[in-house]
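The values are calculated or read from the model by the stated rules, or taken from the named source; none is laboratory data. Note that the structure is predicted; figures quoted are calculated from it, not measured. Glycine gets a Cβ as well: all are built from the backbone with ideal geometry, and neighbour counts include every protein chain shown.
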Amino acid sequence: MEFVHRSYEKGKTIAAIATPKGEGGIAIIRVSGHEAFNVVNRIFSKEISMFESHTAHFGKILDHKKNVIDQVLVVLMRNPRSFTGEDTVEIQCHGGSLITQKILQRVFEEGASPALAGEFSYKAFMNGKIDLTQAEAIQEMIGAKSEASLKNAKEQLEGLLKVKISSYQKKLSDVTAIFEAWVDYPEEGLEFASYDDILVLLNSIYSDLNGLVNSYSDGKLLTHGIKLSLLGEPNAGKSSLLNALIGKERAIVTEIAGTTRDTLDVDCSFNGILFTLIDTAGIRETEEIIEQEGIKRSFAAAEHSDVVLLVIDAQRGWTEKNLDLYNKLDPSKLLIVFNKIDLAELKDEPKENEVYISAKNHVGIESLKKKIVEIAFKRDDHQADHLILTKERHFQALKHASFYLYQVIEGLKKDLSPELLSMDMKECLKELGTIIGTNITEDILNAIFSKFCVGK
């Protein structure tokens with residue numbers, strides 16, 4: 001693991017390729033630091049020292065013998081108006097791997113150092129251009145695999161979590177000051193806020209903190225996707241349903257019972273959310289060893305899934321095997337899907353945990369998708385305008401902050417010494433500070449920035 005923060009020197013000039021490896025229309029070499037302009041000036045065909053900030057200039061990159069390596073665009077960004085807060089130059093060249101490497105090598109020859117993973121973002125953090133939550137959001141945006149995950153990362157990058165945490169810090173710091181005034185001047189009868197007002201404020205913040213902590217379960221689903229398994233008897237239409245959900249023929253569909261022998265995993269996205277759909281072997285009594293193993297894996301898939309669809313042939317209805325399956329599955333993540341309604345007459349309306357569909361004719365599929373999302377997130381407002389935690393680090397810090405704040409609230413109710421209340425409050429503030437980058441340890445910084453790609 002590279003220790004990005006330990007190598008940091010304010011103004012040190014670093015360089016890296018900022019675009020993905022391989023061939024493309026263009027590639028970008030990023031150079032940032034006090035000597036960025038001088039380094040690029042020595043390899044560019046034009047004098048760049050007088051160029052205005054945020055302007056692009058066409059020219060040539062030259063080798064040490066003044067031979068042309070490539071025709072490029074050079075973009076200058078003078079400090080502090082750059083991502084890193086330092087002088088930055090981006091060289092836009094043709095997107096061949098060899099050309100890009102040759103230009104980068106020239107940059108190194110003229111004095112720039114190879115950037116470590118996440119070092120440009122680390123510069124931005126150290127120079128106050130972004131806080132730690134925004135730095136983490138950058139990496140989340142790069143790695144986003146669904147619209148919902150991307151939307152949440154963009155909100156983090158825009159500072160939504162930072163603003164919320166800073167607001168808590170301000171309010172709790174004011175209360176801490178009151179506690180300490182009570183300690184320093186116990187006989188003065190100072191009262192900057194009433195006991196009841198302080199308690200109301202602390203309870204409100206405590207409720208908000210717990211709301212954020214509880215959102216982490218949703219955040220993990222947004223980031224890593226939702227595991228959705230399809231269980232049922234043979235020929236209930238599980239494979240047809242999988243194909244209908246992903247919008248293409250991925251699973252083999254036949255009239256032969258037991259066609260699906262093993263679990264089949266397919267990644268897809270609907271309603272802006274990443275899903276891993278797991279088609280499983282039909283559940284039935286069988287003497288065939290391979291099919292028995294497939295059925296065993298079906299139950300294992302259901303156990304480790306976030307949502308389970310019990311697919312029932314609407315023509316056959318509730319068979320003894322279906323009832324047995326129903327009793328073995330977790331009801332909190334179970335949705336009963338009556339398939340083949342085009343071949344059956346269903347007189348009753350579906351219950352709360354039921355959906356009627358025809359996978360073959362694509363009837364009821366959109367309603368089914370909506371219901372799946374509701375069960376996964378335990379509600380239907382996962383895309384509402386509220387903040388969702390996606391980082392384990394944020395979750396742990398807020399959980400600890402919530403604990404210390406609870407201690408303060410209970411202590412206030414029991415009329416504990418203001419000195420003890422102040423101590424717990426400071427621990428709460430310390431935990432909040434680690435989220436946005438104050439009171440942060442070297443180990444945490446290393447863990448965050450070492451996961452970034454080189455060039456970001």
Only listed residue being assigned to a helix (DSSP H, G or I), loosely packed, with under 15 Cβ neighbours inside 10 Å and touching a residue at least 12 places away in the same chain (Cβ under 8 Å), chosen from GLU431, GLU410, GLU427, GLU419 | GLU419
The range 418-447, residues that are within 20 Å of the chain's Cα centre (by Cα) and either assigned by TED's automatic domain parsing to the domain that holds PHE395 or at pLDDT 70 or above (or both) = LEU432, THR434, ILE435, ILE436, GLY437
Within the range 3-70, strands (runs of 3 or more DSSP E) holding 2 or more residues that are in the same structural domain as CYS93 (by TED's automatic domain parsing) and free of Cβ contacts under 8 Å to residues at least 40 places away in the same chain = 55-62
How many of the residues in the range 95-125 are touching a helix residue (DSSP H, G or I) at 6+ places or on another chain (Cβ under 8 Å) and farther than 14 Å from GLY455 by Cβ?
-> 3
Can ILE372 be described as β-branched (Val, Ile, Thr), surrounded by 15 or more Cβ atoms within 10 Å (Cβ to Cβ) and touching a helix residue (DSSP H, G or I) at 6+ places or on another chain (Cβ under 6 Å)?
-> no
Taking the range 326-346, which residues are in a helix (DSSP H, G or I) and touching a helix residue (DSSP H, G or I) at 6+ places or on another chain (Cβ under 9 Å)?
-> LYS328, SER332, LYS333
Condition check for ASN79: assigned to a loop (DSSP other than H, G, I, E, B) and touching a Gly at 6+ places or on another chain (Cβ under 8 Å) = yes
Listed by first then second residue, the pairs whose first member lies in the range 297-317 and is in the same structural domain as PRO350 (by TED's automatic domain parsing) and touching a residue at least 12 places away in the same chain (Cβ under 8 Å), whose partner is buried (at least 19 other Cβ atoms within 10 Å of the Cβ) and of a type in the set (S, T, N, Q), with beta carbons under 6 Å and at least 6 positions apart or on separate chains, are SER298/THR280; ALA301/SER229; ALA301/THR280; ALA302/SER229; SER305/SER229; VAL308/SER229; VAL311/ASN339; ILE312/ASN322
For ALA137: the one exception among (1) at pLDDT 85 or above; (2) farther than 17 Å from LEU221 by Cα = (2)
Return yes when SER167 is at pLDDT below 85 and part of a helix (DSSP H, G or I) and no when it is not.
-> no
The number of residues in the range 125-134 that are β-branched (Val, Ile, Thr) and either at pLDDT 95 or above or not in a helix (DSSP H, G or I) (or both) is 1
By residue number, the members of the range 218-249 that are touching a Phe, Trp or Tyr at 6+ places or on another chain (Cβ under 8 Å) and of a type in the set (Asp, Glu) are ASP218
Checking GLN134 against (1) touching a residue at least 60 places away in the same chain (Cβ under 8 Å); (2) more than 17 Å from HIS34 (Cα to Cα); (3) polar (S, T, N, Q), which single condition isn't satisfied?
-> (1)
Quick check: is even one residue across the range 266-278 modelled with pLDDT under 80, part of a loop (DSSP other than H, G, I, E, B) and closer than 30 Å to GLN396 by Cα?
-> yes
Could you tell me whether LEU157 is more than 15 Å from ILE29 (Cβ to Cβ), modelled with pLDDT of 90 or more and not assigned by TED's automatic domain parsing to the domain that holds ILE26?
-> no
Residues that are acidic (Asp, Glu) and in a strand (DSSP E or B), drawn from the range 90-124 = GLU90
Identify, from the list SER173, SER113, SER121, SER149, the residue that is of a type in the set (Gly, Ala, Ser), buried (at least 16 other Cβ atoms within 10 Å of the Cβ), in the same structural domain as CYS428 (by TED's automatic domain parsing) and touching a residue at least 60 places away in the same chain (Cβ under 8 Å).
-> SER149
